[in-house]
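Values quoted throughout were computed directly from the atomic coordinates according to the rules given, and no laboratory measurement underlies them. All of these numbers come straight from a predicted model, not from anything done at the bench. Here the Cβ positions follow ideal geometry from the backbone for every residue, glycine too, while neighbour counts run over all protein chains shown.
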């Protein structure tokens, strides 16, 4: 399993939110570039980057910091947050982002998302599925929908999606362990490659996620647990040997 450290950007700083709520923010570092460089020195093979301001506002808002991070690290960077048009995605990929994560566009503008998949392919465009009780949420998790997460993902699998970043909103940033049953059901129901996100609190959680790898859960995103020290930074190296 590939462990991917996360940097969430808000007002140019490295922060974490609890359950995606903007009013439950904790700033961990004012220098996200230094944080990214630290992850790289620890042996990380990929970086998960989220523009939270962009996710809430619908427009990329931390471009300078994103550009500086891309210049500072050599590992692939996946980026989510605020990309609501093909032009947004084209610009980020041209900037040097390895892949983008798109959620809201897939719900609100499916025709444009389908065209985006056709143009850039499922390797560079990943589907972000943020789920609350099995239903998809969008717009920085602020708007719930009636869309079933599995059915929604299967629809996009038929159109070229290969990987989903699956986040259980209730667990994200809460340090209570991932929702293993929800992740299992999603992986089994879709047959897609799955990056699990939300809830990792200790190395034992990573071991449990690794047991789901035969189902396609081959990557895990870790944020708050790294910043709080409950998952040691050297764990990044231990789980970094099987990038897919």
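Under the classification rounded if a/c is under 1.5, otherwise prolate if a/b is larger than b/c and oblate if not, where does region 1-110 fall, given a ≥ b ≥ c as square roots of the Cα gyration tensor eigenvalues?
On the way: a/c = 1.64, a/b = 1.21, b/c = 1.36.
Oblate is the answer for region 1-110, as a/c is 1.5 or above yet b/c matches or exceeds a/b.
Where does the chain land at 222 nm, in deg cm²/dmol rounded to the nearest 500, when only DSSP H runs of n ≥ 4 count, each adding -39500 (n - 2.57), divided by all residues? Could you put the intermediate results ahead of the total?
Working: 11 runs with 89 residues, N = 244.
So the calculated ellipticity at 222 nm is -10000 deg cm²/dmol.
May I ask you to derive the relative contact order of region 1-118, considering only C-alpha pairs under 8 Å and at least 6 residues apart, and to give it as an integer percent?
Rounded, it is 21 percent for region 1-118.
Taking 0.36 nm per residue of sequence separation and subtracting the Cα-Cα distance, how much length would be gained by fully extending the chain between residue 230 and residue 207, in nm to one decimal?
Values: separation 23, 0.36 × 23 = 8.28 nm, distance 1.42 nm.
Contour length minus the Cα-Cα distance gives 6.9 nm.
Just the number, please: Stokes-Einstein D of the chain in µm²/s, Kirkwood Rh from C-alpha pairs, 10 °C, 1.306 mPa s. Working shown, then result.
Details: Rh = 17.5 Å.
Value of D from the Cα-based Kirkwood radius: 91 µm²/s.
Give the shape of region 62-177 as rounded, prolate or oblate, defined through the alpha-carbon gyration tensor: a ≥ b ≥ c are the square roots of its eigenvalues, a/c under 1.5 means rounded, and otherwise the shape is prolate if a/b is larger than b/c and oblate if not.
Values: a/c = 1.88, a/b = 1.25, b/c = 1.51.
Taking the square roots of the gyration eigenvalues as a ≥ b ≥ c, region 62-177 is oblate.
Quote to one decimal, in nm, the extra length available between residue 11 and residue 59 on full extension: 0.36 nm per residue of separation minus the C-alpha distance between them.
On the way: separation 48, 0.36 × 48 = 17.28 nm, distance 1.33 nm.
Full-extension gain reported as 15.9 nm.
At 7 Å along the Cα-to-beta-carbon direction for both residue 85 and residue 41, put a label point, then send me their distance in nm to one decimal.
Reported label-point gap for residue 85 and residue 41 is 4.1 nm.
Grab the Cα-Cα distance for residue 111 and residue 94, subtract it from 0.36 nm times how many residues apart they are, and report the gain in nm with one decimal. Mind showing how you got there, number by number?
Numbers: separation 17, 0.36 × 17 = 6.12 nm, distance 2.21 nm.
Separation in residues times 0.36 nm, less the Cα-Cα distance, equals 3.9 nm.
Using only alpha carbon pairs under 8 Å that are at least six residues apart, calculate the relative contact order of the chain and give it in whole percent. Walk me through the intermediate numbers first.
Values: 517 pairs, mean separation 51.8, N = 244.
Reported relative contact order: 21 percent.
Please sort 59-68, 228-237 by packing, taking for each peptide the average over its residues of neighbouring beta carbons within 10 angstrom, highest first. Intermediate results must be reported in sequence, preceding the final value.
Numbers: 59-68: 18.0, 228-237: 15.5.
The densest-packed peptide leads the list: 59-68, 228-237.
Could you calculate the FRET efficiency of residue 155 with residue 25 from 1/(1 + (r/R0)^6), where r is the beta carbon distance between them and R0 is 30 Å, rounded to 0.05? Walk me through the numbers on the way to the answer.
On the way: r = 33 Å, r/R0 = 1.11.
Efficiency for this residue pair is about 0.35.
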